[in-house]
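> Once you've had a glance at the structure underneath, I'll fire off some questions.
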Amino acid sequence: MENIEKNVVLLLNGKDAEEPQDFCDFTLEDQNEAAISKGLAPSAPPDFVPVLRQSVCYVVMAVIINEKNEILMMQEAKSSCAGQWYLPAGRVEPNESIMDAFKREVLEETGLTAEPSTLLMVESAAGSWYRFVLAGNVTGGSIKQPSQADSESLQAKWVQNLADLSLRAGDILSIVEHARSFKVHLDTHQAFHPSLLPTPRSYTKLFLRLIICARRKTNNKVHVLVSEKTAAHLPVCEIHPGRSLHAILKKFMTEMFGADLPSHRPHGVLALGHHCQQRPKITDGLCLTLLVSVRLPLEEVGLIDKYSWFQVNLEVAGTLLSRMGKFRTVPLNVVRTSESDA
């Protein structure tokens, strides 16, 4: 158990846990067996491999705000939405990291060079499409003019009010609002989640790791749930490529707590592990770490075998509780549909 607290601290700081990838408590094979036991057909190949442009799609979106509170926008060149405006965005390419994709898309579509500063939001449709919304700062270049129009974009400009533009889609309005709130909190030193960028670690599959917290009624001490199926570790499940993350979370929670699932709240993302892999080793997995709190006292929560509670020290407990507040984790937005490119 000595590594549990260490890994919780790493994840709270946006780093990756120091655990082997084979510490997976609910694989696709396990999920298929659970379906068969209920008379249902298996719904995912147990040997599913995430490969960009084939079985998974990762999209980056850049929200860059200048000192005038203006948003960097680009005008679409694609025939399906030519002339409309959108945030710089596009697919992560094979052999490319999320951060490198951010830099490339901003440069191609706006003419500016930029560095990502933090993850602002993770969006997911089913379990195989993800959009990573990142804030960033301009470091150079010159903004693209209409005379420089190409297949990537027609032009770019700084915009104060998005209502002045014909937008490709209205989904970016809430994203921009969130980004502006983040900037205000950052500039005024108010509580927000710490800067979070993907940890460069390669994953062979899609994983969801959970930090599940509960308090003991007798002394109010904070505990985190631990799996003891192998060496003690934080619970991890394989993400079903065809199901929403909400459905995956519910099934995994039921696997740990049983059918009488306690009332709980998913707060948001604490860490993201991803690293591009050079071909021919074609796996483009990732690991999302999600903070979840159980609303019932620990004593009133039943557990399936091989799971137990671990009490964390007061400092770690205080940090965990503070990260359950508004804006203290990166939002995870589960959407029903996705766009082909962004």
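> Using a 1.4 Å probe on the protein chains only, how many percent of the accessible area of the chain belongs to carbon and sulfur?
Details: 7570 of 14940 Å².
It is 51 percent, rounded to a whole number.
> Using the structure shown, select from Lys15/Lys326; Lys221/Lys250; Lys15/Lys229; Lys15/Lys144; Lys6/Lys68 the pairs with a Cα to Cα distance greater than 32 angstrom.
Numbers: Lys15/Lys326 21 Å; Lys221/Lys250 25 Å; Lys15/Lys229 24 Å; Lys15/Lys144 35 Å; Lys6/Lys68 41 Å.
From Lys15/Lys326; Lys221/Lys250; Lys15/Lys229; Lys15/Lys144; Lys6/Lys68, over 32 Å: Lys15/Lys144; Lys6/Lys68.
> Considering only protein heavy atoms, what is the solvent-accessible area of Glu115 at a probe of 1.4 Å, reported in Å² to the nearest 10?
90 Å²
> 7 Å from Cα along Cα→Cβ at both Lys78 and His189: what's the point-to-point distance in nm?
4.4 nm
> Given the protein chains as shown and a 1.4 Å probe, how many square angstrom of Thr27 are accessible, to the nearest 10?
Surface open to solvent at Thr27 totals about 40 Å².
> Could you tell me the calculated FRET efficiency between Leu162 and Glu315, based on Cβ-Cβ distance and R0 = 45 angstrom, to the nearest 0.05? List each step's numbers first, then the result.
Details: r = 42 Å, r/R0 = 0.94.
With a Förster radius of 45 Å, E is 0.60.
> What is the Cα convex hull volume of region 187-342 when expressed per residue in Å³?
Working: hull volume 25.2 nm³, N = 156.
Once divided by residue count, the hull of region 187-342 is 162 Å³.
> Share of antiparallel DSSP beta bridges in the chain, in percent to the nearest 5?
Working: 44 of 66 bridges.
Antiparallel: roughly 65 percent of the beta bridges in the chain.
> So, in Å, what gap is there between the alpha-carbon centers of region 1-38 and region 168-192?
31 Å
> Right, something else. Can I get the semi-axes of the chain's equivalent ellipsoid? Compute them from the C-alpha gyration tensor as square roots of 5 times the eigenvalues, in angstrom, largest first. Write out the running numbers ahead of the final one.
Working: eigenvalues 274, 110, 58 Å².
For the chain, the semi-axes come out at 37, 23, 17 Å.
> Moving to a separate point now. Per residue, what accessible area does region 1-46 have, given a 1.4 Å probe and all protein chains present, in Å²?
Working: 2520 Å² over 46 residues.
Accessible area per residue: 55 Å².
> Continuing with this model, one more query. How long is the gain from Ala41 to Val138 if the chain were fully straight, where each residue apart is worth 0.36 nm and the alpha carbon distance is subtracted?
Working: separation 97, 0.36 × 97 = 34.92 nm, distance 5.04 nm.
Value of the extension gain: 29.9 nm.
> Summing +1 for each Lys or Arg and -1 for each Asp or Glu, what net charge is found among the other residues whose Cβ lies under 14 Å from the Cβ of Gln31?
Values: positive: Lys38, Lys205, Arg243, Lys250, Lys251; negative: Asp25, Glu29, Asp30, Glu33, Asp47, Glu238, Glu255.
Combined, the nearby Lys, Arg, Asp and Glu give -2.
> Modelled label-to-label distance, Ala259 and Glu33, 7 Å Cα→beta-carbon offset: nm?
Here the modelled spin labels are 2.0 nm apart.
> Something else: Please list the helices of the chain that count as membrane-span-like by this rule: a mean Kyte-Doolittle hydropathy of at least -0.5 together with Cα atoms stretching 20 Å or more along the helix axis, each helix being a complete DSSP H run.
Details: long enough: 172-187 (22 Å, 0.39).
Taking the DSSP H segments of the chain (at least 20 Å long, mean hydropathy at least -0.5), we get 172-187.
> Relative to the Cα centre, what is the charge dipole magnitude of the chain, using +1 at the beta carbon of each Lys and Arg, -1 at the beta carbon of each Asp and Glu, and rounding to the nearest 20 debye?
Values: 35 positive and 39 negative charges, 138 e Å.
Dipole size: approximately 660 debye.
> Using Cα pairs under 8 angstrom and six or more residues apart, how large is the relative contact order of region 1-83, in percent?
On the way: 39 pairs, mean separation 9.7, N = 83.
Relative CO of region 1-83 lands at 12 percent.
> Write down the accessible area per residue of region 137-253 in Å², having rolled a 1.4 Å probe over the full set of protein chains. It would help to have the intermediate numbers written out before the result.
On the way: 5460 Å² over 117 residues.
Per residue, region 137-253 has 47 Å² of solvent-accessible surface.
> When only C-alpha pairs under 8 Å and at least 6 residues apart count, what is the relative contact order of region 144-237, in percent? Numbers along the way, then the final one.
Numbers: 55 pairs, mean separation 13.1, N = 94.
Relative contact order comes out at 14 percent.
> Students often get this wrong: which residues of region 110-131 have the backbone nitrogen under 14 Å from the point 7 angstrom along Cα-to-C-beta of Asp150?
110-113
> From the convex hull of the Cα coordinates of region 1-143, what is the mean projected area in square nanometres?
On the way: hull surface 51.5 nm².
In nm², the orientation-averaged hull projection of region 1-143 is 12.9.
> Still on this structure, please answer the following. Determine the gain in length on full extension of the stretch Arg201-Met324; use 0.36 nm per residue of separation and subtract their C-alpha separation, reporting nm with one decimal. Before the final figure, lay out the partial values.
Working: separation 123, 0.36 × 123 = 44.28 nm, distance 2.58 nm.
Fully extending the segment from Arg201 to Met324 adds 41.7 nm.
> Can you compute the modelled spin-label distance between Gln54 and Arg336, with each label point 7 Å from Cα toward Cβ, in nm?
About 3.2 nm separates the two model spin labels.
> Could I ask something else about it? On full extension of the chain, what length is gained from Thr230 through His246, given 0.36 nm per residue of separation minus the C-alpha to C-alpha distance?
Numbers: separation 16, 0.36 × 16 = 5.76 nm, distance 2.59 nm.
Working it through step by step, the gained length comes to 3.2 nm.
The values are calculated or read from the model by the stated rules, or taken from the named source; none is laboratory data. Only a predicted model underlies this, so the values are computations on that prediction, with no experimental measurement involved. For neighbour counting, all protein chains shown are included, and Cβ atoms are generated from backbone atoms with ideal geometry for every residue, glycine included. The accessibility values were calculated without ligands, DNA or RNA, using every heavy atom of the protein model including side chains. Shrake-Rupley method; radii C 1.70, N 1.55, O 1.52, S 1.80 Å.
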